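Colleague: Here's a structure for you.
The values are calculated or read from the model by the stated rules, or taken from the named source; none is laboratory data. In this text, all values refer to a predicted model and were calculated from it rather than measured experimentally. Glycine gets a Cβ as well: all are built from the backbone with ideal geometry, and neighbour counts include every protein chain shown. Accessible surface areas use protein heavy atoms only, side chains included; no ligands, DNA or RNA. Shrake-Rupley method; radii C 1.70, N 1.55, O 1.52, S 1.80 Å.
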Amino acid sequence: EGVEQTALEEWTHYIRQGGKTMWFIVLLSVLGAGCALERFWRMRRSRIVPDGFTAKVIELWKDGRIDAVAALCAKNRSMLARVVETMLQHKDSRDYQEVKQFAEDKAGRELRLENRKSAMLATAATLSPLLGLFGTVLGLLGAFGTVAAMGEMGDASVLADDIGKALVTTVAGLAVSMPCLFVFGIIKNRLNLYAVLLEEEVADLVNQIFVKK
């Protein structure tokens with residue numbers, strides 16, 4: 001408990017030493033962490049392209065149980081289910097290319113929406129090092145101001161606070177930026193993978209239901 005208390009006091013000291021800039025960096029870290037947790041929770045395969053969903057839809061659709069397909073989509077609420085709901089709106093169409101176009105447009109909009117929800121991670125990764133640099137410049141300006149005010153009577157120890165502020169904000173900005181950038185890359189790659197899977201499932205649905213019936 002004593003070690004934890006010491007660590008907490010040390011971090012509190014660093015935040016105070018960094019000044020107001022540190023609070024903005026801390027805010028970005030909280031927003032970035034919240035966005036990362038939400039994205040990892042939402043970007044699961046069961047919420048995008050659930051296993052077995054396409055086969056179940058094809059089975060029900062070919063049996064003429066359109067109401068059961070609609071009920072299955074309403075219950076599932078995955079991205080693929082919302083695409084199937086778009087296909088249901090054009091279930092009487094005989095032009096499979098038109099149905100495929102509508103389904104792909106819907107899938108594209110859903111994917112773009114999911115991509116936009118990751119914007120906070122990119123924002124945190126971009127702004128935090130800039131804020132760190134801003135704090136560094138402020139710290140150096142303070143150090144130069146102190147030297148100018150003290151003149152030859154100055155003591156190097158009085159510069160410690162300004163130099164500490166410059167270094168702390170730089171480290172904090174990089175410490176927030178690097179994990180945010182790393183997680184953003186993971187989420188982007190996962191979304192690209194799901195985009196390929198979703199495209200394959202949509203093509204399979206159209207071919208099985210509207211072409212080979």
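Colleague: When N is the residue count of the range 164-213, what does its C-alpha Rg come to as a fraction of 2.2 N^0.38 Å?
Modeller: On the way: Rg = 21.6 Å, N = 50, 2.2 N^0.38 = 9.7 Å.
Taking N as the residue count of the range 164-213, the ratio is 2.22.
Colleague: In the structure shown, do any of Lys62/Lys100; Lys75/Lys100; Lys62/Lys91; Lys20/Lys188; Lys100/Lys188 have a Cα-Cα gap over 21 Å, and if so which? Before the final figure, lay out the partial values.
Modeller: Values: Lys62/Lys100 17 Å; Lys75/Lys100 23 Å; Lys62/Lys91 12 Å; Lys20/Lys188 32 Å; Lys100/Lys188 25 Å.
Going by Cα-Cα distance, Lys75/Lys100; Lys20/Lys188; Lys100/Lys188 fall outside the 21 Å limit.
Colleague: Right, something else. Across 5 Å bins from the origin, how do the percents of Cα pairs in the range 67-151 run, short distances first?
Modeller: 3, 12, 13, 11, 10, 7, 6, 6, 6, 5, 5, 5, 4, 4, 3, 2, 1, 0
Colleague: Consider all pairwise Cα distances in the range 31-85 and report the whole-number % of them above 18 Å.
Modeller: On the way: 581 of 1485 pairs.
Pairs farther apart than 18 Å: 39 percent.
Colleague: Along the three principal axes, how long is the range 24-126 when you take its alpha carbons, biggest first, rounded to the nearest angstrom?
Modeller: 57, 24, 16
Colleague: Could you tell me the distance between the Cα centroids of the range 164-213 and the range 97-119, to the nearest Å?
Modeller: 15
Colleague: Using a 1.4 Å probe and ignoring any ligands, DNA or RNA, find the accessible area of Ile58 and quote it in Å² to the nearest 10.
Modeller: 20
Colleague: Considering the dipole of the range 13-121 built from charges on the beta carbon (Lys and Arg +1, Asp and Glu -1) around the Cα centre, which of Val99, Cys73, Thr21 is farthest to its positive end?
Modeller: Ranked along the dipole, the leading option is Thr21.
Colleague: For Leu131, tell me the accessible area in Å² from a 1.4 Å probe, rounded to the nearest 10.
Modeller: Roughly 40 Å² of Leu131 is accessible to a 1.4 Å probe.
Colleague: Also, quick follow-up: At 1.4 Å probe size, with no ligands or nucleic acids counted, give the accessible surface of Phe144 in Å², nearest ten.
Modeller: Accessible area of Phe144: about 140 Å².
Colleague: Quick check: with the 1.4 Å probe, what order do Thr136, Thr170 take by accessible area, largest first? All intermediate terms of the calculation are to be shown ahead of the outcome.
Modeller: Working: Thr136 25, Thr170 50 Å².
Ranked from most to least accessible, the order is Thr170, Thr136.
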